[in-house]
1. Mind listing whichever residues of the range 102-151 are under 10 Å from the mean Cα position of the chain (by Cα) and of a type in the set (Gly, Ala, Ser)?
2. Report whether or not residue 83 is farther than 26 Å from residue 193 by Cβ and either out of contact with any Cys (no Cβ under 7 Å at 6 or more places or on another chain) or not in a helix (DSSP H, G or I) (or both).
3. For the range 65-116, enumerate the residues that are small (Gly, Ala, Ser) and without any contact (Cβ under 8 Å) to a residue 12 or more places away in the chain.
4. Would you check which residues across the range 120-142 are among the acidic types (Asp, Glu) and assigned to a loop (DSSP other than H, G, I, E, B) and list them?
5. On the basis of being modelled with pLDDT under 95 and either of a type in the set (A, V, I, L, M, F, W, C) or farther than 28 Å from residue 40 by Cβ (or both), does residue 92 make the cut?
6. Considering the range 154-199 alone, what residues qualify as being assigned to a helix (DSSP H, G or I), acidic (Asp, Glu) and surrounded by 12 or more Cβ atoms within 10 Å (Cβ to Cβ)?
7. Quick check on my filter: what residues within the range 89-111 are closer than 23 Å to residue 37 by Cβ and buried (at least 20 other Cβ atoms within 10 Å of the Cβ)?
8. Which condition number in (1) over 29 Å from residue 71 (Cβ atoms); (2) out of contact with any helix residue (DSSP H, G or I) (no Cβ under 9 Å at 6 or more places or on another chain); (3) of a type in the set (A, V, I, L, M) is the one that residue 155 fails?
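The values are calculated or read from the model by the stated rules, or taken from the named source; none is laboratory data. In this text the structure is predicted, and so the values were computed from the model without any measurement. Reconstructed Cβ throughout: ideal geometry from the backbone, glycine too, with neighbour counts over all protein chains shown.
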Amino acid sequence: MSETKEPTGRRRTRRGEETRKQLIEACIDCLNARGYAGTSIEAVMSKAGVSRGSVLNQFPTRLDLMTATIEAAMRAMMADTQARFDRIADPVERLRRLCDLYWEAQCLPVSVAVTEVLLAARWDTELAGALARVAGQIEIELDAETRRRAAQAGVNDIEAVVVHARMLILSLRGITLELMFDPDRQIIHHALDEIRASHDAFCDRVLN
């Protein structure tokens, strides 16, 4: 009896993981298309094509769903950035490309989902608390990765690179928010050029 039940349990686990992934992807799609206010459990359920029971089995509350989605979205951004870094052989060139690679990650659909939920957390203390726990862990990992990249590039003031990298992410997120309202505003594109120029000057300083 135990030998027949064990494989069934593993199949259920796999199905559960697949359903969870499907729901998170549907939530990201809904956040992009509807915004936070329009991304209800019902909307995600309809987008994913699963039953209410399946949703509630994975995510008993909307808060649970949003928290899991944002963690997955942040990790997807980190993975995308890492993959782009891995295609650059020279550690110095990796550091010099930091602004562009961060910008490419900020333009992903998962980044839009993160921004939508971050804005909503301003008015929702429960959501803000959940996001703070997720973001805190992500930031620890992000800073560690930044320190590693800076050391590989031969930078002496590694902590300056950590602060600079955070500044880039925050600035670029603000740019994407502005472009959501009007993607053709030239002044915003000029601001992006200035951020790139500032990053180039920073690299010249710390790499010398």
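1. Selection gives 105, 111, 113, 135.
2. So residue 83 fails the test.
3. 79, 83, 89
4. Answer for the range 120-142, where residues must be among the acidic types (Asp, Glu) and assigned to a loop (DSSP other than H, G, I, E, B): just 124.
5. no
6. Listed by number, the residues that qualify are 159, 178.
7. 106, 110, 111
8. (2)
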